[in-house]
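Novice: Have a look at this one before I ask anything.
The values are calculated or read from the model by the stated rules, or taken from the named source; none is laboratory data. The model shown is predicted, which means the values in this text are computed figures rather than measured ones. No Cβ is skipped: glycine too gets one built from the backbone with ideal geometry, and neighbour counts run over all protein chains shown.
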Amino acid sequence: MSTSKKAPPSFSPATVPEFKDPHQPRLSPHFTEAELGVEDAPERVKENARYLCREILEKVRDKYGQPVFVTSGYREPRHNHAVGGKASSFHLYEMDRCAADFKVLGVDVVETFDWLRLESGLPFDKVILEFQDGEPCIIHVQATARTAPRRLAYVGQTGAGAEYTPVEVGKPEAAESV
């Protein structure tokens, strides 16, 4: 009997094709309600999810021409609490707030984070490059659909009570067009 562990699956455009039910309601051309976890959510939550997809996630996908894999979108309050989320988490999609944790398949997560914060000019409120076991693993992006974005960027370890270090953000007017 072997005691060696199997390597975790790698995600790339070749290994994770976009299998989407054509009957699944869409929030935008490339994102479904199920991907953001809003299929049974109130309409106000879906409106916030549509904003996030249209203004942030679709533009990230356009930049790289690769699928964007969302690991966490909307969270119901009980689920948010169970995973250690803050009571004020943008994942709750309260008021005009929305958030997603994601990675672009086949693209280095640091490259995506740097483009978002320095060059994209996208209307994010906050973007965080999260690390797990010292390795960059996922990007958290949050937005506000009806209020001016703060455009903040941080890096830090994932998990409840994590402390993040602020990093530089590019000016929206100096950003490339997407």
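Novice: What residue, among those in segment 68-82 that are out of contact with any Lys or Arg (no Cβ under 7 Å at 6 or more places or on another chain) and not in a helix (DSSP H, G or I), is surrounded by the fewest Cβ atoms within 10 Å (Cβ to Cβ)?
Specialist: Here the residue is T71.
Novice: What tally of residues in segment 99-116 results from selecting those that are under 13 Å from the mean Cα position of the chain (by Cα) and outside any strand (DSSP E or B)?
Specialist: Count: 5.
Novice: Now for a separate question. With respect to the numbered conditions (1) small (G, A, S); (2) at negative phi; (3) crowded, with 16+ Cβ neighbours inside 10 Å, which one is the sole condition not fulfilled by G106?
Specialist: That leaves (2) as the condition not met.
Novice: Hey, E55 hits all of (1) within 15 Å of the chain's Cα centre (by Cα); (2) among the charged types (D, E, K, R); (3) over 18 Å from R150 (Cβ atoms); (4) buried (at least 16 other Cβ atoms within 10 Å of the Cβ) but one; which does it fall short on?
Specialist: Of the numbered conditions (1) within 15 Å of the chain's Cα centre (by Cα); (2) among the charged types (D, E, K, R); (3) over 18 Å from R150 (Cβ atoms); (4) buried (at least 16 other Cβ atoms within 10 Å of the Cβ), the odd one out for E55 is (3).
Novice: Would you confirm whether any residue within segment 28-43 is touching a Cys at 6+ places or on another chain (Cβ under 7 Å), without any contact (Cβ under 8 Å) to a residue 40 or more places away in the chain, aromatic (F, W, Y) and outside any loop (DSSP other than H, G, I, E, B)?
Specialist: yes
Novice: If we scan segment 124-138, do we find a residue that is small (G, A, S) and either outside any loop (DSSP other than H, G, I, E, B) or under 17 Å from E58 (Cα atoms) (or both)?
Specialist: The answer is no, given that none of the residues of segment 124-138 is small (G, A, S) and either outside any loop (DSSP other than H, G, I, E, B) or under 17 Å from E58 (Cα atoms) (or both).
Novice: Restricting to segment 15-38, count the residues that are in contact with a Pro (Cβ under 7 Å, 6 or more places away or on another chain), of a type outside the set (S, T, Y) and modelled with pLDDT of 95 or more.
Specialist: Selection size over segment 15-38: 1.
Novice: When residues of segment 139-161 are filtered for being buried (at least 16 other Cβ atoms within 10 Å of the Cβ), in a loop (DSSP other than H, G, I, E, B) and in contact with a Ser or Thr (Cβ under 9 Å, 6 or more places away or on another chain), how many remain?
Specialist: So the answer is 0.
Novice: Moving on to the next point. Hey, can you tell me all the residues within segment 109-123 that are touching a residue at least 12 places away in the same chain (Cβ under 8 Å) and either buried (at least 16 other Cβ atoms within 10 Å of the Cβ) or over 13 Å from V60 (Cβ atoms) (or both)?
Specialist: Within segment 109-123, V109, V110, T112, F113, W115, L116, R117, L118, S120, G121, L122, P123 qualify.
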